[in-house]
1. Contact list please: Cβ distance under 8 Å, first residue in the stretch 72-87 and of a type in the set (Asp, Glu) and in a helix (DSSP H, G or I), second residue modelled with pLDDT under 90 and surrounded by 12 or more Cβ atoms within 10 Å (Cβ to Cβ), pairs at least six apart or on different chains.
2. Condition test on Val94, is it within 16 Å of the ligand (Cβ to nearest atom), aliphatic (A, V, I, L, M), at pLDDT below 90 and over 30 Å from Lys30 (Cα atoms)?
3. Criterion first (more than 20 Å from Leu5 (Cα to Cα), within 11 Å of the ligand (Cβ to nearest atom), surrounded by 14 or more Cβ atoms within 10 Å (Cβ to Cβ) and modelled with pLDDT of 90 or more) does Leu65 satisfy it?
4. Could you list, in sequence order, all residues of the stretch 2-33 that are in contact with a Leu (Cβ under 6 Å, 6 or more places away or on another chain) and under 29 Å from Phe60 (Cβ atoms)?
5. Of everything in the stretch 21-58, what is free of Cβ contacts under 8 Å to residues at least 40 places away in the same chain, surrounded by 10 or more Cβ atoms within 10 Å (Cβ to Cβ), outside any loop (DSSP other than H, G, I, E, B) and not basic (Lys, Arg)? Give them in sequence order.
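The values are calculated or read from the model by the stated rules, or taken from the named source; none is laboratory data. Computed from a predicted structure; not experimentally measured. So basically every Cβ, Gly included, is an ideal-geometry build from the backbone, and we count neighbours across all protein chains shown.
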Amino acid sequence: MKKSLYVVKYKERTIIISRDFAKARGISKKRLKKIRKLHKKRLKIIDRMEKADPKTDKVFLREMLQKLIKLDLKVQKLWNFEKSLSHLQWWRQVPHCNCPNPTFYGVSPSCPVHGFF
Ligand SMILES: [Zn+2]
């Protein structure tokens with residue numbers, strides 16, 4: 001029997017992709033492979049962010065956030081979704097974020113990742 005889920009793993013982190021969902025969206029195997037690669041990259045970036053110090057590595061954390069956003073836009077495209085910043089699912093789920101409000105626009109100015117101080 002074919003596996004119904006793809007599991008992308010990096011260290012203890014995982015992302016699960018449903019084969020049926022991919023099929024429903026008309027995603028080819030080749031494209032799915034690219035998506036899985038990008039997800040792995042994401043997990044690596046998040047791992048690096050986690051190890052960073054939110055007090056001294058703000059510049060690094062914000063650079064990594066930009067990378068994540070670019071990566072997510074690529075993933076959206078591969079999934080045949082319209083590119084849209086407001087549909088990014090992951091951008092909040094990053095280490096060291098202290099934003100109070102889980103929406104795209106409501107960021108805390110002092111957040112080491114999303115803020116600007
Ligand atoms: Zn934040």
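1. Pairs that qualify, where the first residue is of a type in the set (Asp, Glu) and in a helix (DSSP H, G or I) and the partner is modelled with pLDDT under 90 and surrounded by 12 or more Cβ atoms within 10 Å (Cβ to Cβ), are Asp72/Leu88; Asp72/Trp90; Asp72/Trp91.
2. The answer is no for Val94.
3. yes
4. Across the stretch 2-33, the qualifying residues are Tyr10, Arg13, Ile16.
5. Phe21, Ala22, Leu32, His39, Leu43, Ile45, Asp47, listed by residue number.
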